[in-house]
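K.L.:
Sharing a structure here in structure tokens format.
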Amino acid sequence: MVQPTRPPPTIVPPGIPLPVRGEGVAYYVRGLEDHRLTYPTPLKPRDVTIDDGFRHHRRQQSLLNNDKNKHEESHNELDDALLDGVVGSSAGDTNKRRVVSSFSLASLDPRFRFSLREADIIQRLEVAENVVIGRHPDEGLRQLVWRGAPPTHRAECWRVLLDLSPANGRQEDLRHTLLTRKRAEYHGFVQRYYYGTHQHHSSQITDLAEALSGMDSQPSSPFFSSTPPPLSSRGPQERQILQQLALDLPRHKLSLFHDPRTVTRLERVLFLWSLRHPAVGFVQGIDDIMVQFFFVFLGDAFEERYKQWMLERRAAAVALREQRNDLLSTSTTATTTRNSVQRELSFDDDNQVASQQHHVAAVSSSSAHSGNNSTTDTSFPNFASPLVSSAAAPSLLVFPTPTTSVMQSLSWRSVFSRDDAAFSATLDALTSQALDDAEADAYWCGGRMLSWVQENFVSRQPGLLRMMNDFNDLVKRIDPVLHTYLCDEMLVALPQACFQWLHCMLTRELPGHLVLRLWDTYLAIGPEGFRAFHLFVCSALLQDIRKELLGAPFDVIMTTLKSPKPEEGWALLNVEWLDALIAQAYVLSLKYPTPTTMSSSSATSRGASLA
Amino acid sequence: MASASPTRAKDIPAKIVVLGESAVGKSSLALRFVRRDFIPNQEATIGASFLSRSVSLVDESPPVTIKFEIWDTAGQERYRALAPMYYRGAAGALVVYDITSADSLRKAESWIGELRRNADPQTVVVLVGNKCDLESMRQVSIQQGQDLAEKEELLFYETSAKDGTNVDALFTNLGKTLLSRGVIASGVDRRSTMSRNLQPPGSRTPKSEQQKRCDC
């Protein structure tokens, strides 16, 4: 009888089981390619973008030296490094994190080399991670975000820039406490004013209550009601807001506006904001602005859920390996069992991981489980401990997990889905708590940003008219030839033709993920300067489509201005294009200073030191 | 300057403005006419959109081609202040309501009133009851629409931007009416239809506006 001390290497792959190893790679390069990179598929250089590169450039500082020797490391070490990379980022300890992914990629494909741009990405990621763990001062954050927040860290960056999280919050628990309090406060508003449950806590009078003082009184309904009262029982202003929202929200194209779980939340956010700002109310276009914040925070929830899922899978894989070792070392007789275990381990199809997990649980109920279930917090640091907790309920197996392919596809970009069924499936992965948190954060952050541009939306829209005039004057100075052709020869009323650019802050003209990148810059500039800078961005965009405009007939001009970057061509727009546009806008703002930009030069100059 | 325009010499430009409550289907109606397309989730219009399509009226003598230059406006109340920029100088105005919403008919009445007060008296106004494919949800009868149109001496159509019912007929008939009432005629400089509009109220010096009006 043979004593099998080690599994035969030809059957059982070295390191961790293959599916998880594949995932380890996929985690870091996810987004590089929409179709996932599966180990060891070579990476295509064209897929590396500044935007997506953040994923695989996590924790790379030491690799900036590009130590060639590391490229020679064996695949076994690579596997372990990948594994550690996953664990390290979960532990949140920067020092202990192993530097893995990029050199892994480099070793996968010799064509992959660090460029200046990638080094820049890495540097930005460094700063962002410091932000997330609350170490970074505000100024550094603004410089970082001016050049684009890493998408995976955008939510926290925006929370800090819009004063939802403290800028100098060095203590994680303080930040957490403040955030929890703000979220609870928002959901209190929802209960009282959206669901109309009036609990008269005189101690909790807020400015919202003051804003509502002129409202018709509403019939009281049970506390924590889940269905809003009928429109007929609401005051005229409330009714008007809700009717307009009901007309407008479902007309958007993205699936987020069609799934009841998300559209209801967006409706509540917009309803409450509009109630709080009675001089503005709800104006079409506010939804286009507010939803950007919902994109960011919901996207963050998707990212967190994905990380959590990765850790669950890793926990299952570790348990499986331990189980395998236990079985192989203890069972000296059961050759058949060993074979079956080996067969299980040799699965490399992602979809079979679940069956492996079942196998683990079936063989040993005491093996480690990843403890979180669907109703508890999805936050990520909770995941280190369940790895060693054998007392945890086997919730891994009862978690109503959507299919593996859905979980794999979760990312911050999921919010831009236009496939209602697919989007609904991705939403299934989130707890309602995660959705509630995203809703509350969107309310506070989006509300803050909207208050910056409030005078664009009040009656007669004075802010917007001023922007339109400023834009016209600016184009006249920057490109007199184009301005003469458009306005004097073709009699195009330029600011009116570009009304939507100014009104919706380019949300309708650019693909969603680029809008978020553009707004990184706006939020970094802050309330004083960003509207002026927006005019420079619009001017730069006008320069970008100049060739299509000069010499074109009236209809073509109007159509081009209405959608300067038609949706059919959105695939061609990438973050580099947008970075160049923003850089161009910055150059224009230096060359053609206006009274408004002079005052905000401190804001825009933040970019100068970084250029 | 006329050479810069693709409009053929015989094309007669006609500026048309589309007004009405939000979500009654103004943009869909314009899109159906211009692109023969229907998008179920048509986002709310911000500001206004411009669309154009030329239509040949072969049974006129001599046959003419009208180039409809359509300004599709935003419906929400807050944008109402911008509307004069678009209906000023318009040859035709479509006031659209939704047959499944009695409220939208009331809004249409107020638009008709505003046009009567502020627009060019020559402007031909068409009352359009849209979404006539949604018969089961109808709140406004055909008779109600016709009564209002008769009272205000308007053209009247019930249309469906979704299935295309009456959309082409509406524009063809509008074109004929414009010709027969002499609102538009061949030989008019097309620039005149553009120059008088799109001056935001109070944002321009009257001088430049006057200068542009002199082009007519």
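K.L.:
Please enumerate the residues belonging to segment B:12-42 that are within 14 Å of chain A (Cβ to nearest Cβ), assigned to a strand (DSSP E or B), of a type outside the set (Lys, Arg) and under 30 Å from B:Pro63 (Cα atoms).
P.N.:
Scanning segment B:12-42 gives B:Pro13, B:Ala14, B:Ile16, B:Val17.
K.L.:
(1) assigned to a strand (DSSP E or B); (2) hydrophobic (A, V, I, L, M, F, W, C); (3) at the interface with another protein chain (Cβ under 10 Å from one of its Cβ atoms): which one isn't true of B:Val55, the others all being true?
P.N.:
(3)
K.L.:
Hey, among the residues in segment B:118-136 that are charged (D, E, K, R) and at pLDDT 95 or above, which one's nearest to the chain's Cα centre (by Cα)?
P.N.:
B:Lys131
K.L.:
Criterion first (closer than 23 Å to A:Gln284 by Cβ, among the acidic types (Asp, Glu) and in a helix (DSSP H, G or I)) does B:Glu150 satisfy it?
P.N.:
No: the conditions fail for B:Glu150.
K.L.:
Would you confirm whether any residue within segment B:59-74 is under 18 Å from A:Gln244 (Cα atoms), of a type in the set (S, T, N, Q) and not in a strand (DSSP E or B)?
P.N.:
no
K.L.:
Testing A:Gln191 on (1) surrounded by 13 or more Cβ atoms within 10 Å (Cβ to Cβ); (2) within 26 Å of the chain's Cα centre (by Cα); (3) at pLDDT below 95; (4) assigned to a helix (DSSP H, G or I), one condition comes back false. Which one is that?
P.N.:
The one condition A:Gln191 does not meet is (2).
K.L.:
Next question. Of the numbered conditions (1) more than 10 Å from chain B (Cβ to nearest Cβ); (2) at pLDDT below 90, A:Ile478 satisfies every one except a single condition; which is it?
P.N.:
(2) is the only condition that A:Ile478 fails.
K.L.:
When the residues of segment A:247-279 are narrowed to those that are more than 17 Å from A:Phe416 (Cβ to Cβ) and among the acidic types (Asp, Glu), which ends up farthest from the other protein chains (Cβ to nearest Cβ)?
P.N.:
Filtering first and then ranking leaves A:Glu267.
K.L.:
For segment B:84-97, how many residues are buried (at least 21 other Cβ atoms within 10 Å of the Cβ) and either facing chain A (nearest Cβ under 8 Å) or in a helix (DSSP H, G or I) (or both)?
P.N.:
Qualifying residue count for the region: 3.
K.L.:
Just to be sure before I move on: is A:Ser411 of a type in the set (Ser, Thr, Tyr), closer than 30 Å to B:Gly47 by Cβ and away from every other protein chain (no Cβ under 14 Å) in the structure I sent?
P.N.:
No, not satisfied.
K.L.:
Conditions: (1) touching a residue at least 60 places away in the same chain (Cβ under 8 Å); (2) closer than 20 Å to A:Met505 by Cα. A:Leu270 meets all but one. Number of the miss?
P.N.:
Result: A:Leu270 passes all but (1).
K.L.:
Is there a residue in segment B:200-211 that is touching a Leu at 6+ places or on another chain (Cβ under 7 Å) and at pLDDT 95 or above?
P.N.:
Checked against the condition, which is being touching a Leu at 6+ places or on another chain (Cβ under 7 Å) and at pLDDT 95 or above, segment B:200-211 yields no hits at all.
K.L.:
Just checking, how many residues over segment A:295-342 are at pLDDT below 85 and either among the hydrophobic types (A, V, I, L, M, F, W, C) or within 22 Å of A:Gln408 (Cβ to Cβ) (or both)?
P.N.:
Total satisfying the criteria: 2.
K.L.:
Right, here's the next one. Being closer than 28 Å to A:Leu427 by Cα, at pLDDT 85 or above and out of contact with any helix residue (DSSP H, G or I) (no Cβ under 8 Å at 6 or more places or on another chain) is true for just one of A:Pro236, A:Pro250, A:Pro229. Which residue is that?
P.N.:
Checking each option against the conditions leaves just A:Pro229.
K.L.:
Suppose the filter is within 22 Å of A:Val283 (Cβ to Cβ), of a type outside the set (Asp, Glu) and more than 14 Å from chain B (Cβ to nearest Cβ); does A:Trp519 pass it?
P.N.:
Criteria met by A:Trp519.
K.L.:
Moving on to the next point. Just need a number here: residues in segment B:117-147 that are in contact (Cβ under 8 Å) with a residue 12 or more places away in the chain and either out of contact with any strand residue (DSSP E or B) (no Cβ under 6 Å at 6 or more places or on another chain) or farther than 21 Å from B:Tyr87 by Cα (or both).
P.N.:
15
K.L.:
Could you list, in sequence order, all residues of segment B:53-73 that are touching a Phe, Trp or Tyr at 6+ places or on another chain (Cβ under 8 Å) and surrounded by fewer than 21 Cβ atoms within 10 Å (Cβ to Cβ)?
P.N.:
If the condition is that a residue be touching a Phe, Trp or Tyr at 6+ places or on another chain (Cβ under 8 Å) and surrounded by fewer than 21 Cβ atoms within 10 Å (Cβ to Cβ), then B:Arg53, B:Ser54, B:Val55 are the ones that fit.
K.L.:
Does at least one position in segment A:280-296 carry a residue that is under 24 Å from A:Leu518 (Cα atoms), more than 14 Å from chain B (Cβ to nearest Cβ) and β-branched (Val, Ile, Thr)?
P.N.:
For segment A:280-296, residues under 24 Å from A:Leu518 (Cα atoms), more than 14 Å from chain B (Cβ to nearest Cβ) and β-branched (Val, Ile, Thr): present.
K.L.:
Somewhere in segment A:541-550, is a residue polar (S, T, N, Q), touching an Asp or Glu at 6+ places or on another chain (Cβ under 8 Å) and touching a residue at least 60 places away in the same chain (Cβ under 8 Å)?
P.N.:
yes
K.L.:
Further, regarding this structure: Of all the helices (runs of 4 or more DSSP H) wholly in segment A:537-597, which have at least 3 residues that are out of contact with any His (no Cβ under 6 Å at 6 or more places or on another chain) and closer than 21 Å to A:Trp519 by Cα?
P.N.:
Qualifying helices (runs of 4 or more DSSP H): A:575-591.
K.L.:
Could I ask something else about it? Does B:Arg78 satisfy the criteria of being out of contact with any His (no Cβ under 6 Å at 6 or more places or on another chain), more than 13 Å from chain A (Cβ to nearest Cβ) and not β-branched (Val, Ile, Thr)?
P.N.:
For B:Arg78, the condition - out of contact with any His (no Cβ under 6 Å at 6 or more places or on another chain), more than 13 Å from chain A (Cβ to nearest Cβ) and not β-branched (Val, Ile, Thr) - is not met.
K.L.:
If you check A:Gly526 against the conditions, is it in contact (Cβ under 8 Å) with a residue 24 or more places away in the chain and within 14 Å of chain B (Cβ to nearest Cβ)?
P.N.:
When the stated conditions are applied, A:Gly526 does not pass them.
K.L.:
Of the conditions (1) touching a helix residue (DSSP H, G or I) at 6+ places or on another chain (Cβ under 9 Å); (2) within 13 Å of another protein chain (Cβ to nearest Cβ); (3) over 30 Å from A:Ser165 (Cβ atoms), A:Ser424 clears all except one; give me its number.
P.N.:
That leaves (2) as the condition not met.
The values are calculated or read from the model by the stated rules, or taken from the named source; none is laboratory data. What you see is a predicted model, and the numbers here were worked out from it, not measured in a lab. Using ideal geometry, Cβ is built from the backbone for each residue, glycine included, and neighbour counts are taken over all protein chains shown.
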